[in-house]
1. Given the criteria open to solvent by less than 100 Å² (accessible area, probe 1.4 Å) and touching a Pro at 6+ places or on another chain (Cβ under 6 Å), does Val43 qualify?
2. Checking the structure you have, find out if any residue of region 69-80 is surrounded by 12 or more Cβ atoms within 10 Å (Cβ to Cβ), among the charged types (D, E, K, R) and on the phi < 0 side of the Ramachandran plot.
3. Which ones in region 95-116 are open to solvent by 70 Å² or more (accessible area, probe 1.4 Å), touching a residue at least 12 places away in the same chain (Cβ under 8 Å) and farther than 16 Å from Arg44 by Cα?
4. For region 50-119, please list each of the helices (runs of 4 or more DSSP H) lying entirely inside it that holds at least 3 residues being at pLDDT 95 or above and within 30 Å of Arg27 (Cα to Cα).
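The values are calculated or read from the model by the stated rules, or taken from the named source; none is laboratory data. Quantities reported herein were computed from a predicted structural model and do not represent experimental measurements. Backbone-built Cβ (ideal geometry, glycine too); neighbour counts: all protein chains shown. All accessible areas refer to the heavy atoms of the entire protein, side chains included, with ligands and DNA or RNA removed. Shrake-Rupley method; radii C 1.70, N 1.55, O 1.52, S 1.80 Å.
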Amino acid sequence: MPQDPTERRVVVTGPPRRAHRAPGYYRPRTEIDEQTTLGHTYVRSLMRSQLRAALTVFAVLGLLVGPLPLLFAAMPDARRLEWAVLGFGLYAPLVLLARWYVRRAERNERDFVRLVEDR
């Protein structure tokens, strides 16, 4: 006896809840936990990017603050100028430099976590 088209069941399927891993699949987190060469490379890349950001900040700070003693020695009678430069002139660049460094370090860490967690 043929089924009535109004009584036919519809099966709805969705994506599988578990993704089956390919045979050569690896997880970077386990590579880091097991301290393999690849895990060491991942951590070393994070450390290099953090070091690069720190050295950049150090270089900019050296270029910003380094010439000030020479400038102050060239103008021995300008004590008020020295205090104005040190008190007000350096504050904003130092805050901006620190802010840039923190944002850069957080971005490096976020990229590393994204790489490790495969997202």
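1. In short, no.
2. For region 69-80, residues surrounded by 12 or more Cβ atoms within 10 Å (Cβ to Cβ), among the charged types (D, E, K, R) and on the phi < 0 side of the Ramachandran plot: absent.
3. Trp100, Tyr101, Arg104, listed by residue number.
4. Passing ranges, in order: 91-116.
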